[in-house]
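Notes follow the structure.
The values are calculated or read from the model by the stated rules, or taken from the named source; none is laboratory data. Keep in mind it's a predicted model, so treat the numbers as computed, not measured. Positions of Cβ are backbone-derived with ideal geometry, glycine not excepted, and every protein chain shown enters the neighbour counts. Ligands, DNA and RNA are excluded from the accessible area calculation, which covers all protein heavy atoms including side chains. Shrake-Rupley method; radii C 1.70, N 1.55, O 1.52, S 1.80 Å.
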Amino acid sequence: EGKSFYFSPFIYLFFKSDTESQCPIPKLQVKVSVVDVSASRTETDTNPTDFEFVSIKEILCHYTEAAADQLPVDRGEAVAVMSKALENFLTKDQKDGILGGAVGLGGSEGTALISSALRSLQSECRS
């Protein structure tokens, strides 16, 4: 089970002010969405959180290959498909201007899947 917070947790934005001072730090009201990136053929039917929830099927809609509505049986292939679908999902949201940031939680498989997608994002800071 997840931990309950009795306070509002912070989201930290790290940057180097000496070299990235051209990067505007927007004044945003943060909206949190929980995105299920499970590389499993079993999908959660209900939102397990109090946040907006993005399901596996919604992420897989962003995969460009045929039969994207179902993950492969092979675990390695399923992780690769979900990672590419997540990359496309994040890239679209970034281009649409609705992605303010992303934080990934997970073990080694989750970290590999999420970090690959995060690396695909383009920095909004220009020098």
May I ask you to rank THR91, THR111, THR42 by accessible area, largest first, using a 1.4 Å probe over the protein chains only? THR42, THR111, THR91
Give a residue-ordered list of calculated ³J(HN,Hα) values for the range 93-98 (Karplus: 6.51 cos²θ - 1.76 cosθ + 1.60, θ = phi - 60°; whole Hz; x for Gly, Pro). 5, 5, 5, 7, x, 10
Under 18 Å by backbone N from the virtual spin label 7 Å along Cα-to-Cβ at GLU52, the residues of the range 73-104 are 86-104
